[in-house]
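Remarks on the structure that follows.
The values are calculated or read from the model by the stated rules, or taken from the named source; none is laboratory data. This structure is a prediction, so every number in the text was calculated from the model and none was measured. Because the Cβ atoms are built from the backbone with ideal geometry, glycine has one as well, and the counts that use them run over all protein chains shown. Note: accessible area is taken over every heavy atom of the protein model, side chains too, but ligands, DNA and RNA are not part of it. Shrake-Rupley method; radii C 1.70, N 1.55, O 1.52, S 1.80 Å.
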Amino acid sequence: MKLVFAGTPEVAVPALDALIASGRHEVAAVVTRPDAPAGRGRRLVASPVAERAEEAGIEVLKPVKPRDEEFLARLREIAPDCCPVVAYGALLPRVALDIPVHGWVNLHFSLLPAWRGAAPVQHSIMAGDEITGASTFLIEEGLDSGPVYGTVTEEIRPTDTSGDLLTRLAFAGSGLLAATMDGIEDGSLKAVPQPVDGITLAPKISVEDAHVDWSAPALRVDRVVRGCTPEPGSWTVFRGERLKLIQVAPVTDRTGLAPGELSVGKNNVYVGTGSYAVELLWVQAQGKKPMRAADWARGVRIASGERVGA
């Protein structure tokens, strides 16, 4: 088939690579978000997908909005058979959805209908799921509601951050997306409507969602920290300033600390929760680089009874 691939961040690059390498289909063009300011100089930088496409000599389309008439006209000229999508980052209007013969097929990082929305990986970790995966589905105008072509599953490991899990799903999902294109092309694969039961939503995680509640149980604190790492980054407050929490570990045999209460040993820093304590492993104070929590504690000289949190 002739394909136009739509995607923007680094997590979409493995899927683009898989389609380029398949040899069975032609990636005629790539659609991505416009260049965005980045770094201290705030200079405009192309998306990771745009950079990879340019390296491969593939035409890159960067519409401000996918309903722009110039973009739609070029898409009609290319006349793709199908448009595979991974984390493109913009809503596709019906006029664009109708152009490819086989529609737009999205690689979504959950087992649909679970975790429809922008942050499925973060929500699956924060909810304590043991298994997640990726799904390919035909895009409709509803939120991740289209019929599903295929899935792959992935175990969520006890120490996984959303970054760890998303990296694994990006590579596992790239093979699924390539296989889905093959199945659509030869007619062996049909999309199956999603069940009406089991629908959960995964809206974008806000900075406030990443604010740790120390009255919650230790397992919940750990899941919030892992689910919000690397983005947007979980945090608490210490002496009136924000303290980023990069890594913690529940300690089941450490009790007796009030929620948010700090206990500092020679090489350990513990915080009380609504159940047992968690150990702070890596933190980042405002204006500082990430550091081991024990080194941070020695630097700030925590007094007996001091707390983090409100």
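Observations on the model:
- Globularity index of region 33-172, i.e. its alpha-carbon radius of gyration over 2.2 N^0.38 Å: 1.16
- Region 157-310: relative contact order in percent, alpha carbon pairs under 8 Å with at least 6 residues between: 20
- Entry comment: accessible area of region 216-293 is 49 Å² per residue, from protein heavy atoms only and a probe of 1.4 Å.
- For ARG254, the amide hydrogen comes within under 5 Å of the amide hydrogens of ALA277, counting only partners 5 or more places away or on other chains and with H modelled in the peptide plane.
- The residue among ALA28, GLY260, VAL45 whose Cα reaches farthest toward the positive pole of the charge dipole of the chain, with charges on the beta-carbon of Lys, Arg, Asp and Glu, is GLY260.
- The GNM of the chain, with springs linking C-alpha atoms under 10 angstrom apart, assigns the highest mean-square fluctuation among THR252, THR161, THR273 to THR252.
- Cleavage-rule hits, trypsin sites (Lys or Arg not before Pro), region 157-210, DSSP coil, Cβ neighbours within 10 Å at most 16: LYS190, LYS204
- Folded to 0 to 90 degrees: helix 69-78 orientation relative to the chain principal axis, Cα: 60
- Rounded to the nearest 500, the 222 nm mean residue ellipticity of the chain from helices alone is -8000 deg cm²/dmol, with -39,500 (n - 2.57) taken per DSSP H run of at least 4 residues.
- Each residue of region 249-258 is assigned a 3J(HN,Hα), and the resulting list reads 8, x, 10, 5, 9, 10, 10, x, 9, 5 Hz, derived from the Karplus form 6.51 cos²θ - 1.76 cosθ + 1.60 (θ = phi - 60°), x at Gly and Pro.
- Extreme residue, positive dipole direction of the chain, given options GLN286, LEU165, SER188 (C-beta unit charges): GLN286
- Using alpha-carbon coordinates, inclination of helix 162-186 to the longest axis of the chain, degrees: 20
- Most to least packed among 137-145, 20-28 [average Cβ atoms within 10 Å]: 137-145, 20-28
- For region 206-272, trypsin sites (Lys or Arg not before Pro) are listed when DSSP marks them as loop and at most 16 other Cβ atoms sit within 10 Å of their Cβ; the list is ARG239, LYS266.
- Over all other residues within a Cβ to Cβ distance under 15 Å of ALA310, the charged ones net out to -2, with Lys and Arg as +1 and Asp and Glu as -1.
- Per atom type, the chain shows carbon and sulfur on 51% of its accessible surface, probed at 1.4 Å.
- In Hz, Karplus ³J(HN,Hα) per residue of region 195-202 (6.51, -1.76, 1.60; θ = phi - 60°; x = Gly, Pro): x, 7, 8, x, 6, 10, 10, 10
- The distance from the alpha carbon centre of region 286-310 to that of region 97-145 is 39 Å, rounded to a whole number.
- The dipole here belongs to the chain: it is taken about the Cα centre, uses +1 on the Cβ of Lys and Arg and -1 on the Cβ of Asp and Glu, and is about 1400 debye.
- Take every pair of alpha-carbon atoms less than 8 Å apart whose residues are at least six positions apart; their mean separation over the length of the chain yields a relative contact order of 13 percent.
- Environment charge of SER22, counting only residues whose C-beta is closer than 12 Å and scoring Lys/Arg +1, Asp/Glu -1: -3
- A simple rule links phi to the HN-Hα coupling: the Karplus curve 6.51 cos²θ - 1.76 cosθ + 1.60 with θ = phi - 60°, which for region 98-104 gives 7, 6, x, 4, 9, x, 10 Hz, with x for Gly and Pro.
- For the chain, share of DSSP beta bridges that run antiparallel, in % to the nearest 5: 70
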